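Student: Pasting in a structure now, in structure tokens, and then I'll have a few things to ask.
The values are calculated or read from the model by the stated rules, or taken from the named source; none is laboratory data. The structure presented is a predicted model; accordingly, all values stated were derived computationally and were not measured. All Cβ positions, glycine included, derive from the backbone under ideal geometry; neighbour counts span all protein chains shown.
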Amino acid sequence: MLPGMAVRPIKKLRVALVGAGNLASALAPSLRKAGYRIEWIVSRQRPTSLQRARRLASEVGAKVRAITAADINADVVWFCVPDSAVGDAARSMMGVAEWERRVALHSSGALTSDELEVLRGRGAAVASVHPLMTFVRGSRPMLEGVAFAIEGDQKAVRVARAIVRDLHGHAFAIRKQDKAAYHAWGMFVSPLLTALLAAGENVASAAGIARKEARQRMLPILDQTLANYARLGAPGSFSGPIARGDLDTIRKHLKVLQSVPGAREVYIALARVALRELPAKNRDSLEQTIFAG
């Protein structure tokens, strides 16, 4: 660029978000921080939904519209609603906006872009854009560094990748036929991990340790386990009696866990995975003990 030439600003697309739940509440401020203008927060007409929408709209400088009256002026319409509501939301908005040359996205991890087929038929380019992140009430995660699985129409994919880049996330392609397995993977690394921790709290109770106290005491070993996994992978970070081939300890565990509802079954299932996937000494004897359990 020659001295004295002005830098031409890159035009950011105008965005409308459908829904104001946990995902939208994290996405909207992140988009705004990245320079996007949030034009609309589109909501169901239920009072509680409209209240959440108004609160989020006020935070990001957007306007609120009910989904059946959403004559929206935006380049990108991003559906941030539960999986079971994506199709209905798209159909509700099918006739209240001009879809030609617009991009419609949804963020279901399990559903494909075809869930927005009614809008594709009206001229929209559609895609599914799923952040591999957990969104719960009371927590608003940053999207920087988050992986986004994307599939859909070429134009919509191109726009989605640009948005993810601006969010400092990492976009990657996912095939339609792989979305169920992809979402199951996400289930393992967050919701079912949470279920495992809940089972761990039950085992702590059997050891006389209160849930709240157990949660605090578990954090250092959880942090270190994740740090080891990130640096060394699963085989290098695996430890404990299975790795050592300690039959006596495994037998003691299986006996004491009979008094903890559900925990013994979880222990056996995960121990079987460990024996198939991870390094273990005394493997044959361990298999006989655990599979007999």
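Student: Within the range 236-256, which residues are under 21 Å from residue 221 (Cα atoms), among the hydrophobic types (A, V, I, L, M, F, W, C) and part of a helix (DSSP H, G or I)?
Tutor: Across the range 236-256, the qualifying residues are 242, 243, 250.
Student: Here are some residues: 142, 133. Which one is in the same structural domain as residue 86 (by TED's automatic domain parsing) and modelled with pLDDT under 95?
Tutor: Of the residues listed, the single one that is in the same structural domain as residue 86 (by TED's automatic domain parsing) and modelled with pLDDT under 95 is 142.
Student: So is residue 169 surrounded by 14 or more Cβ atoms within 10 Å (Cβ to Cβ), closer than 28 Å to residue 23 by Cα, without any contact (Cβ under 8 Å) to a residue 40 or more places away in the chain and not hydroxyl-bearing (Ser, Thr, Tyr) or not?
Tutor: yes
Student: Can you tell me how many residues in the range 26-52 are buried (at least 20 other Cβ atoms within 10 Å of the Cβ) and either touching a Pro at 6+ places or on another chain (Cβ under 6 Å) or hydrophobic (A, V, I, L, M, F, W, C) (or both)?
Tutor: 8
Student: Go through (1) in a helix (DSSP H, G or I); (2) under 28 Å from residue 29 (Cα atoms) for residue 195 and report which single condition fails.
Tutor: All conditions are met except number (2).
Conditions (1) basic (Lys, Arg); (2) in contact with a strand residue (DSSP E or B) (Cβ under 7 Å, 6 or more places away or on another chain), marked per residue:
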{"site": "63", "(1), (2)": "yes, yes"}
{"site": "88", "(1), (2)": "no, no"}
{"site": "116", "(1), (2)": "no, yes"}
{"site": "126", "(1), (2)": "no, yes"}
{"site": "130", "(1), (2)": "no, yes"}
{"site": "140", "(1), (2)": "yes, no"}
{"site": "180", "(1), (2)": "no, no"}
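Student: With 86, 136, 157, 118 as the choices, which residue is in contact with a Leu (Cβ under 9 Å, 6 or more places away or on another chain) and either under 14 Å from residue 23 (Cβ atoms) or surrounded by 14 or more Cβ atoms within 10 Å (Cβ to Cβ) (or both)?
Tutor: So the residue among 86, 136, 157, 118 that is in contact with a Leu (Cβ under 9 Å, 6 or more places away or on another chain) and either under 14 Å from residue 23 (Cβ atoms) or surrounded by 14 or more Cβ atoms within 10 Å (Cβ to Cβ) (or both) is 86.
Student: Given the conditions (1) within 15 Å of residue 109 (Cα to Cα); (2) exposed (fewer than 14 other Cβ atoms within 10 Å of the Cβ); (3) of a type in the set (A, V, I, L, M, F, W, C), and given that residue 192 satisfies all but one, which numbered condition is not satisfied?
Tutor: With (1) within 15 Å of residue 109 (Cα to Cα); (2) exposed (fewer than 14 other Cβ atoms within 10 Å of the Cβ); (3) of a type in the set (A, V, I, L, M, F, W, C) applied to residue 192, the lone miss is (1).
Student: Scan the range 171-179 and give yes if some residue there is among the hydrophobic types (A, V, I, L, M, F, W, C) and assigned to a loop (DSSP other than H, G, I, E, B), otherwise no.
Tutor: Within the range 171-179, one or more residues are among the hydrophobic types (A, V, I, L, M, F, W, C) and assigned to a loop (DSSP other than H, G, I, E, B).
Student: Consider residue 114 against the criteria (1) without any contact (Cβ under 8 Å) to a residue 40 or more places away in the chain; (2) more than 17 Å from residue 14 (Cα to Cα); (3) of a type in the set (Asp, Glu): it satisfies all of them except one. Which criterion is unmet?
Tutor: (1)
Student: With the requirement that a residue be under 19 Å from residue 178 (Cα atoms) and among the β-branched types (Val, Ile, Thr), what does the range 148-162 give you?
Tutor: 150, 157
Student: Out of the residues in the range 230-249 that are of a type outside the set (Gly, Ala, Ser) and in contact with a Ser or Thr (Cβ under 7 Å, 6 or more places away or on another chain), state the one that is nearest to residue 206 (Cα to Cα).
Tutor: 241
Student: Can you give me the number of residues within the range 117-160 that are without any contact (Cβ under 8 Å) to a residue 12 or more places away in the chain and hydrophobic (A, V, I, L, M, F, W, C)?
Tutor: Result for the range 117-160: 0.
Student: Can you confirm whether residue 25 is at pLDDT below 95, within 30 Å of residue 190 (Cα to Cα) and either within 23 Å of the chain's Cα centre (by Cα) or not assigned by TED's automatic domain parsing to the domain that holds residue 169 (or both)?
Tutor: no
Student: Then there is this: Within the range 250-289, work out how many residues are without any contact (Cβ under 8 Å) to a residue 60 or more places away in the chain, closer than 16 Å to residue 207 by Cβ and not β-branched (Val, Ile, Thr).
Tutor: Qualifying residue count for the region: 10.
Student: A further question follows. In the range 218-229, what residues are surrounded by 13 or more Cβ atoms within 10 Å (Cβ to Cβ) and within 20 Å of residue 203 (Cα to Cα)?
Tutor: So in the range 218-229, the residues surrounded by 13 or more Cβ atoms within 10 Å (Cβ to Cβ) come out as 218, 222, 225, 228-229.
218, 222, 225, listed by residue number.
Student: OK, next. Can you tell me which residue in the range 44-64 is farthest from the chain's Cα centre (by Cα), limited to those that are modelled with pLDDT of 90 or more and of a type in the set (D, E, K, R)?
Tutor: Checked the range 44-64; the qualifying residue farthest from the chain's Cα centre (by Cα) is 63.
Student: Which residue, of 223, 248, is of a type in the set (D, E, K, R), under 22 Å from the mean Cα position of the chain (by Cα) and modelled with pLDDT of 95 or more? It would help to see each step written out before you state the result.
Tutor: Details: 248 fails: under 22 Å from the mean Cα position of the chain (by Cα).
Answer to the selection: 223.
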